[in-house]
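Note sheet for the following structure.
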Amino acid sequence: DCGRYVATAGSLATFVVNAVDRFGNAISRGGDQIDVNVRSVSYFPAAVTDLRVGVYGVSYTVTQAALFRIDVAIKFIFGQGALSSKIPIAGSPFLAVCFPAFLTWPPNC
């Protein structure tokens, strides 16, 4: 999950979003709408993969070393928790740093 906080310029970064209900209980089905915005001076596209078990994979590539911000919002589509608008997930926005490609940090990501 280190892609939520650090990235290396030009390399794919990843993290997961685990959907929970308003009581903090894990949601065990997919189908919700997850929006991710990655930005610093520029915006960078992010791809979201629905793993169909309440878990969503996020991947993106930042091309410039800089501090950046990741906004993640969810819109519940099914069931009693269905919402008409998107809400930020807990902790969003996430502040992250993108290191130059010639630096490898952190070593265990």
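The values are calculated or read from the model by the stated rules, or taken from the named source; none is laboratory data. Keep in mind the model is a prediction, meaning the values are calculated, not measured. Here the Cβ is made from the backbone with ideal geometry for all residues, glycine too, and neighbour counts use every protein chain on show. Quick note on the areas: whole protein, heavy atoms, side chains included, nothing else; ligands and nucleic acids left out. Shrake-Rupley method; radii C 1.70, N 1.55, O 1.52, S 1.80 Å.
Tell me which residues, restricted to segment 1-46, are of a type in the set (Val, Ile, Thr) and either out of contact with any helix residue (DSSP H, G or I) (no Cβ under 7 Å at 6 or more places or on another chain) or not in a strand (DSSP E or B) (or both).
Those that are of a type in the set (Val, Ile, Thr) and either out of contact with any helix residue (DSSP H, G or I) (no Cβ under 7 Å at 6 or more places or on another chain) or not in a strand (DSSP E or B) (or both): VAL6, THR8, VAL16, VAL17, VAL20, ILE27, ILE34, VAL36, VAL38, VAL41.
Need the failing condition index for TYR56 against (1) among the hydroxyl-bearing types (Ser, Thr, Tyr); (2) touching a Phe, Trp or Tyr at 6+ places or on another chain (Cβ under 9 Å); (3) open to solvent by less than 30 Å² (accessible area, probe 1.4 Å), just the number.
(2)
Considering (1) at pLDDT 90 or above; (2) open to solvent by 60 Å² or more (accessible area, probe 1.4 Å); (3) touching a Gly at 6+ places or on another chain (Cβ under 8 Å); (4) of a type outside the set (Val, Ile, Thr), say which one LEU67 fails and leave the rest.
(3)
With the requirement that a residue be free of Cβ contacts under 8 Å to residues at least 12 places away in the same chain and open to solvent by 70 Å² or more (accessible area, probe 1.4 Å), what does segment 1-26 give you?
Within segment 1-26, PHE23, ASN25 qualify.
Quick one: THR49 ticks every box in (1) without any contact (Cβ under 8 Å) to a residue 24 or more places away in the chain; (2) in contact with a Gly (Cβ under 7 Å, 6 or more places away or on another chain); (3) not in a strand (DSSP E or B) bar one, so which box is it?
Here THR49 meets the rest and fails (3).
For segment 27-38: of the residues being at pLDDT 95 or above and surrounded by fewer than 19 Cβ atoms within 10 Å (Cβ to Cβ), which is nearest to ALA96 (Cα to Cα)?
Within segment 27-38, the match that is nearest to ALA96 (Cα to Cα) is ASN37.
If I ask for residues that are aliphatic (A, V, I, L, M) and surrounded by 14 or more Cβ atoms within 10 Å (Cβ to Cβ), which ones from segment 39-49 would you list?
ALA46, VAL48
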